[in-house]
1. Looking at Val119, Val124, Val190, Val168 in this structure, which one is within 24 Å of Asp83 (Cα to Cα), touching a strand residue (DSSP E or B) at 6+ places or on another chain (Cβ under 7 Å) and touching a residue at least 12 places away in the same chain (Cβ under 8 Å)?
2. Can you name every residue in segment 1-39 that is hydroxyl-bearing (Ser, Thr, Tyr) and either more than 20 Å from Tyr61 (Cβ to Cβ) or at pLDDT below 90 (or both)?
3. Can you tell me which residue is nearest to Ile78 (Cα to Cα) among those in segment 144-153 that are loosely packed, with under 14 Cβ neighbours inside 10 Å and not hydrophobic (A, V, I, L, M, F, W, C)?
4. Can you work out which of the residues in segment 78-100 that are modelled with pLDDT of 95 or more and hydrophobic (A, V, I, L, M, F, W, C) is surrounded by the most Cβ atoms within 10 Å (Cβ to Cβ)?
5. Test Val74 against the criterion of being hydrophobic (A, V, I, L, M, F, W, C) and out of contact with any Phe, Trp or Tyr (no Cβ under 7 Å at 6 or more places or on another chain), and give yes or no.
6. Show the residue pairs that are 6+ apart or on different chains and have beta-carbon atoms under 7 Å apart, the first residue being within segment 65-76 and under 11 Å from Lys32 (Cα atoms), the second being among the charged types (D, E, K, R).
7. If you check Ile155, Ile188, Ile194, Ile164, which single one turns out to be among the aliphatic types (A, V, I, L, M) and in contact with a His (Cβ under 9 Å, 6 or more places away or on another chain)?
8. For segment 129-142, what are the residues that are farther than 16 Å from Ala93 by Cβ and surrounded by 13 or more Cβ atoms within 10 Å (Cβ to Cβ)?
Amino acid sequence: MEHSLQPKNYQKVPEPTLRRLPWYLSNVKLLKQRGEHYVSSTQISKEINIDASQIAKDLSYVNISGRTRVGYEVDTLIEVLEDFLGFTGIHKAFLFGVGSLGGALLQDSGLKHFGLEIVAAFDVDPALVGTTLNDIPIYHSDEFVHKMSEYDVQIGVLTVPIEIAQSVTDMMVGGGLKAVWNFTPFRIRVPEHIVVQNTSLYAHLAVMFNRLNFNKIK
């Protein structure tokens, strides 16, 4: 089976596909635990209720070929997907705002399994500055630029209160961070070359509540 760790013809992968690929990876890992050595898009489809043709199209962005009527070799598919998604390398990050959500992320050691390591956090609360959480040091926000020279970091995780989300983002970008994982409900503004991933828990809650109420009305 031939495979490559680069997208075919270096195509830009559509965001919906990138969102689905981790689902396939998790499912294939489960199938491996069950003793499967090969997996087809039809098998994955039955497990996660996504059309098999869509799965095949998504996997076409990763240069891996399966055997006719057999499917993809499980270990190879896991290896290729993990590398393609960036989960095998470690991307270091700073976290800004050690509140309840920020603190929970600092304690989530599972992030490292997906390639993200938060190496330091920043806050202005005197009760937090100078302490550690899950062995991760918490510095005063004023130390951010200085710490950029000590750590090899490109990603900032934003978990600050909404009223300071933009000002902290401006500080992050001005200090040299290249990507922002934004957990606030505020749509931050950044220069075009900065990567932003918005992950608003509240927005997802709103969708869930709306659909729940709609289903009750039907």
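The values are calculated or read from the model by the stated rules, or taken from the named source; none is laboratory data. Just so you know, these numbers come straight off a predicted model, no measurement behind them. Note that each Cβ is placed from the backbone with ideal geometry, even for glycine, and that neighbours are counted across all protein chains shown.
1. Val119
2. Matches in segment 1-39: Ser4, Tyr10, Tyr38.
3. Asp152
4. Only one residue fits best here, namely Leu95.
5. No; evaluated as a whole, the condition is false for this residue.
6. Correct list of pairs: Val74/Lys32; Val74/Glu36.
7. Result of the check over Ile155, Ile188, Ile194, Ile164: Ile155.
8. Matches in segment 129-142: Val129, Thr131, His140.
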